[in-house]
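The next block holds one structure in the form of structure tokens; read it before the comments.
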Amino acid sequence: MAKAFVGSNPTPRTTASPFSAWGVFKSRGGGGLQQHDKVYAKPSGIDFIGVPAMKIPENVKTAYMVALKYRRVSFGTCSKAGVPNTVPIGVGRFVDEETLAVVDNYLNKSRKNLEENPRAAVSFWVSEEKDGKVVTKEGYQMKGTTTIHESGPLFEQIKAETRAIRTDFPVRAIVLMKIQEIYDVKAGADAGKRIL
Ligand SMILES: Cc1cc2nc3c(=O)[nH]c(=O)nc-3n(C[C@H](O)[C@H](O)[C@H](O)COP(=O)(O)O)c2cc1C
């Protein structure tokens, strides 16, 4: 059974103990989250686990994979105390219609943040050079809740896929991110608009 860590909500109003055992979390989605995963902490305050995930539009998925290829993805997390962190990521893929997998090879602060606060955001963009200028074609921000998996069939599958490309990557875990909000971040009239 895959191991998952879910931390507490960092909202300042939170007073409950961040690491009381909470029970079992079963996702609504398909893919690797069908199994029951142990949850080690109760998210107090807003029950963000209850926020429904969404079907990610194909054009957003495609933009993400292109951005990942060209290393234009920033992965943001936040500590329980509210300290933000963003790092570049370049490995992963979508595992179903609503879930993104990020491969933890070398995540440190990010990983710690996710263990205590299971929420993340990714910003990514697709650019091309035109007449000597770099022009952004599209860019999005996705936010969601996360679980960390160090074992299980999906973990093994993504580990094998990753190792097929880079034998030296440790693949310590996969972070599964259920997407709950998507925004347009391309500069212009629609900048910042929530699209889903
Ligand atoms: C272009 C690029 C892509 C990267 N992709 C990943 C990745 O997919 N997974 C990973 O674990 N680390 C990746 N890294 C390394 C992390 O960003 C790096 O270890 C970072 O220091 C982790 O920071 P943290 O301690 O704040 O989590 C990448 C680094 C770069 C520069």
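Rule-based calculations on the coordinates, nothing more; no lab input. In this text, all values refer to a predicted model and were calculated from it rather than measured experimentally. Here the Cβ is made from the backbone with ideal geometry for all residues, glycine too, and neighbour counts use every protein chain on show.
One table, with the values for the structure above:
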quantity	calculated
Region 53-184: radius of gyration and largest Cα-Cα distance (Dmax), Å	14.7, 48
Sorted by Cβ neighbour density within 10 Å, fewest at the top, the residues VAL95, VAL87, VAL175	VAL87, VAL95, VAL175
Least to most buried among MET142, MET177, MET54 (fewest other Cβ within 10 Å first)	MET54, MET142, MET177
